[in-house]
Amino acid sequence: MSKNMRRTVLSLAVAAAALAALPGQASAADSKITIMVGGINKMVYLPAKLAEQLGYFKEEGLNVELQSQPAGVDAENELLAGAVQAVVGFYDHSIDLQTKGKEITAITILGQVPGEVELVGTKAAVNFKSMADAKGKTLGVTGLGSSTNFLTQYLASRHGITSKEFSVLPVGADNTFIAAMKQGRIDAGMTTEPTASQLLKTGDAQVLIDMRTVEGTVKALGGLYPASSVYVQRSWLNGHKDDAQKLARAFVKTLKFIHTHSAEQIADKMPKDYYGNNKPLYVQALNNSLPMYSPDGKMPKGGPETVLSVLAGFNPNVKGKHVDLSKTYTDEFVNQVK
């Protein structure tokens with residue numbers, strides 16, 4: 001190699017090192033982590049976008065891309081196909097997938113309760129006062145096989161109503177859910193914020209069951225129900241513990257931000273298209289949702305058992321199967337966050 005060529009190579013190496021040292025810049029060696037969110041506009045999954053907006057992924061040296069699927073079951077399929085490295089979705093998928101021979105582990109719990117609301121259409125509310133009145137009705141869920149589907153069946157069963165006594169219609173979330181409710185295609189349905197507050201504000205729906213708070217969830221389900229979480233394939237986790245630790249740290253920092261700031265301050269960090277021309281309604285919906293977020297990312301005591309009891313009753317994949325709950329989540333990484 002000539003002297004001039006050696007100088008050129010050395011200069012390029014120095015330049016690359018200097019670029020890598022810039023604050024907030026991911027080095028070329030950093031691999032990209034794609035996270036699929038089961039409906040990125042849903043407030044139950046707000047920590048994903050908020051972490052990105054706050055720059056916490058970059059602070060950890062992570063190159064994260066957030067993608068969105070309207071239903072958690074679709075996000076799960078993307079993970080299993082290897083198209084993404086992590087999912088922000090409901091923890092119960094980790095239990096369901098274990099019975100199918102898939103090792104999925106939640107590394108951070110974002111929601112200690114579902115954050116779901118069972119809404120009943122205003123017209124239907126005349127004869128629909130509780131889930132005991134679900135017989136013969138059409139109930140909306142995000143998708144068949146989704147968390148909302150199993151929760152709906154469970155809530156009805158607590159009033160002696162079997163899944164054969166009502167109809168379930170997959171209507172997605174956000175605008176498609178709102179349209180289904182307004183058009184009367186569903187009598188009631190399970191959704192999250194900000195969709196719930198939009199329908200309540202227009203007077204098109206009323207709250208039947210509120211699982212946005214600890215109190216409401218315990219009343220409805222008999223215990224805490226860990227819901228939104230960050231989960232990954234065990235095979236990926238075993239080979240990427242450093243990345244898993246960085247992800248956990250970024251999300252725990254985001255949860256702490258949520259619990260130390262007002263709904264208005266949090267909304268100010270979100271992209272404008274999340275609240276459009278009605279920021280006050282978004283802030284109101286966020287205020288309603290704040291109690292659902294975990295304070296520390298840890299699995300709440302007794303949570304996995306509550307989730308398993310719901311799934312074992314209505315998910316044919318889980319019913320009668322042995323599930324090792326200790327493999328469906330780990331606090332190993334959140335415990336190391338100062």
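Its Cα gyration tensor gives the stretch 251-312 an equivalent ellipsoid. The semi-axes, each the square root of 5 times an eigenvalue, are 28, 15, 9 Å from largest down.
Ignoring ligands, DNA and RNA, what percent of the 1.4 Å accessible area of the chain is carbon and sulfur? Carbon-and-sulfur percentage of accessible area, whole number: 51. Basic side chains Lys and Arg get +1 at the Cβ, acidic Asp and Glu get -1 at the Cβ, and with that the dipole of the chain about its Cα centre reaches some 360 debye.
Look at the alpha carbon pairs under 8 Å that are at least 6 residues apart: their mean separation over the length of the stretch 34-175 gives a relative contact order of 23 percent.
Most simply put, the chain has about 55% antiparallel DSSP beta bridges, counting only bridges with both residues inside it. Assuming a viscosity of 1.002 mPa s and a temperature of 20 °C, what translational diffusion coefficient in µm² per second does Stokes-Einstein assign to the stretch 73-184, Rh being the Kirkwood radius over Cα pairs? For the chosen part, D equals 137 µm²/s. Only Lys, Arg, Asp and Glu carry charge here, each on its Cβ (+1 for the first two, -1 for the last two); on that basis the stretch 293-338 has a dipole of about 100 debye about its Cα centre.
Positive end of the dipole of the chain (Cβ unit charges, origin at the Cα centre): among T108, S31, V120, the Cα lying farthest that way belongs to S31. Computed with a 1.4 Å probe over protein heavy atoms only, the accessible surface of the stretch 34-151 comes to 30 Å² per residue. Converting the Cα gyration tensor eigenvalues of the stretch 144-270 into ellipsoid dimensions via √(5λ) gives semi-axes, longest first, of 31, 21, 15 Å.
Distance between the C-alpha centres of the stretch 156-208 and the stretch 235-252: 36 Å, rounded to the whole angstrom.
Long hydrophobic helices in the chain, taken as whole DSSP H segments with a C-alpha length of 20 Å or more on their own axis and mean Kyte-Doolittle hydropathy at least -0.5: 3-20, 241-259. At a probe radius of 1.4 angstrom, the accessible area of the stretch 155-286 per residue rounds to 43 square angstrom.
Could you state, as a whole-number percent, how many of the C-alpha pairs of the stretch 198-325 are farther apart than 23 Å? Above the 23 Å cut-off, the stretch 198-325 has 51 percent of its Cα pairs. When S326, S163, S294 are compared by accessible area at a 1.4 angstrom probe, the order from most to least is S326, S163, S294.
Only the Cβ atoms of Lys and Arg (+1) and of Asp and Glu (-1) were treated as charged; on that basis the dipole of the stretch 257-308 about its Cα centre amounts to roughly 20 debye.
Exceedance of the 24 Å cut-off in Cα-Cα distance is limited, within the set K32/K301; K42/K182; K49/K301; K100/K137; K253/K301; K246/K272, to K32/K301; K49/K301; K100/K137; K246/K272. Ellipsoid fit via the Cα gyration tensor, the stretch 90-156: semi-axes of 30, 14, 8 Å, each the root of five times an eigenvalue, largest first. For the chain, treating each Cα as an identical point scatterer without solvent, what Debye log10 I(q)/I(0) comes out at q = 0.08, 0.14 1/Å? Here log10 of I(q) over I(0) equals -0.39, -1.08.
The values are calculated or read from the model by the stated rules, or taken from the named source; none is laboratory data. Owing to the predicted nature of the structure, the values given are computational and were not obtained by experimental measurement. No Cβ is skipped: glycine too gets one built from the backbone with ideal geometry, and neighbour counts run over all protein chains shown. The protein model used for the area step is the full one, side chains on, heavy atoms only, and it has no ligands, DNA or RNA in it. Shrake-Rupley method; radii C 1.70, N 1.55, O 1.52, S 1.80 Å.
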